[in-house]
Amino acid sequence: VLLFSYTVHAENVNRNIAVSDIALAEAEMIDMVNLGLSVNQINDTILQAKQALNRADFADLVNSGATGELVDKAKKTLEDLNYTGFTYEDVLVYTNIVHSRKKEALVLIDSVRALELKIQDAKSQDINIIASEDYLNQAKKAFSQERYQETTDLIFKGNSELDKEKSDLAKLNALVKSSQNFVFKHWLQILIILLVLLILIYICFRINKIMK
């Protein structure tokens, strides 16, 4: 299992390097499949890399100055195209996308799991998790459909919503504690004020009754 990301830099790239990097990209795709991830876009990108390899092969053959049926076929394939611009470096444009997507997928797996644990912890503290859980579910769906940027945005929103709920609860708890401390420190004054209010209410009630 290739639990790492590898990027080849497009410097002095020859056919052997291009072929090896395609093989690595295919191995990474298999690794992602084994992790239960969707790889439709990865597979399409690898196909593009192979097409770029074929173009580079034809261009290399034509540019070599060789002759023969195979060269004629290559020339016909590249007809009306600027085949001098086709190089093996083009292959790495696509394989590096695969390497990058693999790395991004692994990061998102950890990010989704981290948000799940964060929500579970918040739930045990009676923190409102409705909004953050909804963002988590949306993120999982986007991830399963290879929409990695959307997944990242939804995870960020889920974390932000959870942090906000935690902050609001902390403020509420602080207010309650402050109120309790106030009552504890000034219970006698509060009791006197309540008694005075009760007396005033009683007096008003009696006066009103007498006037009737």
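Quick notes
- HN-Hα J in Hz across the range 88-93 - Karplus 6.51, -1.76, 1.60, θ = phi - 60°, x for Gly and Pro: 6, 5, 4, 4, 5, 4
- Karplus-derived 3J(HN,Hα), 6.51/-1.76/1.60, for each residue of the range 44-57, Hz, glycine and proline x: 4, 5, 5, 4, 5, 5, 5, 5, 5, 5, 4, 4, 5, 4
- Sorting Phe205, Phe156 on solvent-accessible area from highest to lowest, probe radius 1.4 Å, gives Phe156, Phe205.
- Residue-count net charge about Ala56 - beta-carbon cut-off 14 Å; Lys, Arg +1, Asp, Glu -1: -2
- Largest first, the residues Glu116, Glu150 sort by 1.4 Å accessible area into Glu150, Glu116.
- Solvent-accessible surface of protein heavy atoms, probed at 1.4 angstrom with all chains present, puts Met29, Met211 in the order Met211, Met29, largest first.
- Net length gained if the chain between Glu104 and Leu200 were fully extended (0.36 nm per residue, minus Cα distance): 27.4 nm
- In this rough spin-label picture, where each label sits 7 Å from Cα along the Cβ direction, the Gln189-Asp134 distance is 4.5 nm.
- Rounded to the nearest whole Hz, the Karplus-based 3J(HN,Hα) values (6.51 cos²θ - 1.76 cosθ + 1.60, θ = phi - 60°) of the range 107-116 follow the sequence 5, 5, 4, 5, 5, 5, 5, 4, 5, 4, with x at glycine and proline.
- Atom-type composition of the exposed protein surface of the range 82-158 places 52 percent of the accessible area on carbon and sulfur (1.4 angstrom probe).
- Centre separation in Å (Cα based) which lies between the range 92-147 and the range 7-58: 25
- Estimated FRET transfer efficiency when R0 is 45 angstrom, pair Arg113-Val19 (beta carbons, to 0.05): 0.80
The values are calculated or read from the model by the stated rules, or taken from the named source; none is laboratory data. For clarity, every value in this text was computed on a predicted model and none was experimentally measured. Ideal geometry is used to build each Cβ from the backbone, glycine not excepted, and the neighbour counts take in all protein chains shown. Quick note on the areas: whole protein, heavy atoms, side chains included, nothing else; ligands and nucleic acids left out. Shrake-Rupley method; radii C 1.70, N 1.55, O 1.52, S 1.80 Å.
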